[in-house]
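To start, the structure itself, in structure tokens.
The values are calculated or read from the model by the stated rules, or taken from the named source; none is laboratory data. Because the structure is a prediction, the values reported are computed rather than measured. Note that we place each Cβ from the backbone using ideal geometry, even for glycine, and neighbour counts take in every protein chain shown.
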Amino acid sequence: MIAENIQTINSTIPNTVKLIAVSKTKPFTDIQVAYDAGQRDFGENKVQELVNKTLVLPKDIRWHLIGHLQTNKVKYIAPFVHLIHAVDSIKLLKEINKQAKKYGRNINCLLQFHIAQESTKFGLSLVEAQEIVVSTEFLQLENVTICGVMGMASFVSDQAVITTEFKKLKEIFSELKSTAFSENGNFTEISMGMSGDYDAAIQAGSTMIRVGSKIFGHRNTN
Ligand SMILES: *Cc1c(COP(=O)(O)O)cnc(C)c1O
């Protein structure tokens, strides 16, 4: 089923859109099945679980940290992480930069924006991001590459609400791309869309969708 689900999704999305298989809570064996079907990009939201999985799974997997990241946990993923999706403060960026430097590498990050109505979700406003990206602290970061933006739509059934929120993230991306990041050729990604809303996200300009349950089945929440 997992292999078929991946094939089905890949055959219905434009090939310019990258599929991140969100494997949080799922066992190694499920990830191996997806890997054997050709999937290489996987997303996890907990640092400890992510680290445990990297120890036993193939080394050429590109691991994406898609959940909220605490500053004191950056060091655990710094040696290998491919892309950190949910960066929403200069404090976190500075720590990522410090740890990246320690391992002699560059770490790719996305700036997370708050686009949903729900107040519980993390993320920046456009104004907050604009303040960060012109700050001296930000301009001194040498081991971090900002590759684009990330956001999550409200968890509602109203498609119009979801579409409006995705369009807002696209607008934020375009605004930053034409100003602060106009000289940054790496600023190309818009990470938006999950199992229930990735079609709407792609319509609105997503370049990266993060899909879990539609590949691996429902998760037991605990
Ligand atoms: C869990 C999660 C997903 C995937 O959710 P599904 O609805 O299972 O596709 C995507 N993005 C983030 C940030 C998540 O935490």
Pick from the range 110-157, criterion among the aliphatic types (A, V, I, L, M) and more than 24 Å from residue 204 (Cα to Cα), ranking: surrounded by the fewest Cβ atoms within 10 Å (Cβ to Cβ) = 139
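Residue by residue, here is whether (1) charged (D, E, K, R); (2) modelled with pLDDT under 95; (3) in contact with a strand residue (DSSP E or B) (Cβ under 9 Å, 6 or more places away or on another chain) holds:
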| position | (1), (2), (3) |
| --- | --- |
| 1 | no, yes, no |
| 10 | no, no, yes |
| 16 | no, no, no |
| 28 | no, no, no |
| 62 | yes, no, yes |
| 72 | no, no, no |
| 82 | no, no, yes |
| 88 | yes, no, yes |
| 101 | yes, no, no |
message = If residue 215 satisfies all but one of (1) outside any helix (DSSP H, G or I); (2) within 13 Å of the ligand (Cβ to nearest atom), what's the number of the condition it fails?
response = (1)
In the range 12-35, the residues that are among the hydroxyl-bearing types (Ser, Thr, Tyr) and under 18 Å from the mean Cα position of the chain (by Cα) = 16, 23, 25
query = What are the residue pairs meeting all of these: first residue in the range 133-152, first residue within 11 Å of residue 189 (Cα to Cα), second residue assigned to a helix (DSSP H, G or I) and among the aliphatic types (A, V, I, L, M), Cβ atoms under 7 Å, and 6 or more apart or on different chains?
reply = 149/169; 149/172
ask   = What's the number of the condition residue 38 fails, among (1) of a type in the set (Gly, Ala, Ser); (2) under 18 Å from the mean Cα position of the chain (by Cα); (3) exposed (fewer than 13 other Cβ atoms within 10 Å of the Cβ)?
value = (2)
query = Among the residues of the range 192-212 satisfying the criterion of being assigned to a loop (DSSP other than H, G, I, E, B) and more than 16 Å from the chain's Cα centre (by Cα), which is nearest to the ligand (Cβ to nearest atom)?
reply = 196
task = Select, from 49, 95, the only residue that is surrounded by fewer than 22 Cβ atoms within 10 Å (Cβ to Cβ), within 15 Å of the ligand (Cβ to nearest atom) and assigned to a helix (DSSP H, G or I).
result = 49
Top-ranked residue of the range 155-181 - restricted to ones that are assigned to a helix (DSSP H, G or I) and free of Cβ contacts under 8 Å to residues at least 12 places away in the same chain, ranked as farthest from residue 198 (Cα to Cα) = 178
task = Would you check which residues across the range 52-92 are within 16 Å of the ligand (Cβ to nearest atom), closer than 17 Å to residue 150 by Cα and hydrophobic (A, V, I, L, M, F, W, C) and list them?
result = 63, 65, 66, 69, 81, 83, 84, 86, 87, 92
